[in-house]
Amino acid sequence: MTPEQYVQDKAAASGSSFYYAFLFLPKPRRAAITAFYAFCREVDDVVDEVSDPGVAATKLAWWRKEVAQAFAGHPQHPVMQALMPHAGTYGIEARQLHEVIDGCQMDLDQTRYLDFAALKRYCHLVAGVVGEGAARIFGQTEPQTTAYAHKLGLALQLTNIIRDVGEDALRGRIYLPVNELQQYDVKAHELLNRLHSERFVALMKFQAQRAHAVYDEALALLPPADRRAQKPGLMMASIYRTLLREIERDGFHVLDQRVSLTPLRKFWLAWRVQALGKL
């Protein structure tokens, strides 16, 4: 299997909405973003799929060395072998990859966030930095687009957090800020035991309103000159915001089920942005 086939399979197997946004890119950019996304999946899977925290930490340390070796001209892993030919062309930096690893390391080191400021730091590492790298690959020409990419990454990650409250609780993780749990009188043990309540719904309505506001802020930051090039990111915004609205319509039953969109609906939303420019 070639490195290119490896990252293609990794991206497709994830079932992620990102895959649909990549389909409309020219081949070189599609190859670059697929490899970049596969890297993010690899390090994220270390945290989600390795049950022993010590083993997971060792694997993340290996990835740090692999990134350093790859940028020194000696990639070993097929993901890095697929990514490195595009790094210079699209401004992919070792710093970005290390920051993504830093975000995954946070998942090993803590399971609670005291306030939204602390959560934003985590979101920046696991999503904002990813958005920054993706924006360059898509074809960024304006410096302001980086701010848009960071903000959109935050919005997407906040949506993920809302969707995955139940699954994260099974892993003992609560990403909803502690001070906001207290504000709505939702106890941590209620989330860990997946107890749905009116208080929980009120808390989640607040989380959803904030996520919608961040989407609006992100779209307002995108320079008109880069709007066409950044269509893949706008596809993601359309898909994830539609998912968020589905969760809202469903009454935030995210503790005991995973709300998702069908592949056909994701493709339709992506196509609508590509062909009609509509979110």
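The values are calculated or read from the model by the stated rules, or taken from the named source; none is laboratory data. Since we're looking at a predicted model, the values are computed, not measured. Counting neighbours? That spans all protein chains shown, and the Cβs are built from the backbone with ideal geometry, glycine included. Please note that ligands, DNA and RNA were not included when accessible areas were found on the heavy atoms of the full protein model with its side chains. Shrake-Rupley method; radii C 1.70, N 1.55, O 1.52, S 1.80 Å.
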Exercise. Scan the stretch 49-60 residue by residue and report those that are more than 19 Å from M80 (Cβ to Cβ) and out of contact with any helix residue (DSSP H, G or I) (no Cβ under 8 Å at 6 or more places or on another chain).
Key: E49, S51, D52, G54, V55
Practice problem: Return a yes/no flag: does the stretch 60-70 have any residue that is under 27 Å from M235 (Cα atoms), among the hydrophobic types (A, V, I, L, M, F, W, C) and open to solvent by 10 Å² or more (accessible area, probe 1.4 Å). | Solution: no
Practice problem: Please work out which residue is nearest to Q81 (Cα to Cα), limiting yourself to the stretch 3-45 and to residues that are polar (S, T, N, Q) and touching a Lys or Arg at 6+ places or on another chain (Cβ under 6 Å). | Solution: S14
Quiz item: Which residue out of Y215, Y184 is hydroxyl-bearing (S, T, Y) and more than 16 Å from L279 (Cβ to Cβ)?
Solution: Y184
Exercise. Sort out which residues of the stretch 129-172 are within 17 Å of the chain's Cα centre (by Cα) and of a type in the set (D, E, K, R), and write them in order of number.
Key: E132, R136, K151, R163, D164, E167, D168
Quiz prompt | Tabulated pairs, the stretch 3-22, first open to solvent by 60 Å² or more (accessible area, probe 1.4 Å), second outside any helix (DSSP H, G or I), C-beta under 8 angstrom, 6+ apart or interchain | solution = D9/M1
Self-check item: Options L119, L108, L97: the member that is at pLDDT below 95, open to solvent by less than 60 Å² (accessible area, probe 1.4 Å) and part of a helix (DSSP H, G or I)
Solution: L108
Quiz prompt | Considering residues of the stretch 138-159 that are open to solvent by less than 60 Å² (accessible area, probe 1.4 Å) and free of Cβ contacts under 8 Å to residues at least 60 places away in the same chain only, the residue farthest from E99 (Cα to Cα) | solution = L158
Quiz item: Residue check: is L244 of a type outside the set (S, T, Y), in contact (Cβ under 8 Å) with a residue 40 or more places away in the chain and either in contact with a strand residue (DSSP E or B) (Cβ under 7 Å, 6 or more places away or on another chain) or not in a helix (DSSP H, G or I) (or both)?
Solution: no
Quiz item: Would you pick out the residues in the stretch 68-94 that are assigned to a loop (DSSP other than H, G, I, E, B) and under 20 Å from A31 (Cβ atoms)?
Solution: G73, P75, Q76, H77, G91, I92, E93
Quiz item: Which one of A155, A169, A135 is modelled with pLDDT under 95, among the hydrophobic types (A, V, I, L, M, F, W, C) and either over 30 Å from D256 (Cβ atoms) or touching a helix residue (DSSP H, G or I) at 6+ places or on another chain (Cβ under 8 Å) (or both)?
Solution: A169
Exercise. Among the residues of the stretch 167-207, write down those that are in contact with a Leu (Cβ under 6 Å, 6 or more places away or on another chain) and either in a loop (DSSP other than H, G, I, E, B) or surrounded by fewer than 17 Cβ atoms within 10 Å (Cβ to Cβ) (or both).
Key: I174, P177, V178, Y184, V186, R194, H196
Quiz item: Looking at the stretch 232-251, is at least one residue crowded, with 20+ Cβ neighbours inside 10 Å, over 30 Å from L108 (Cα atoms) and among the aliphatic types (A, V, I, L, M)?
Solution: yes
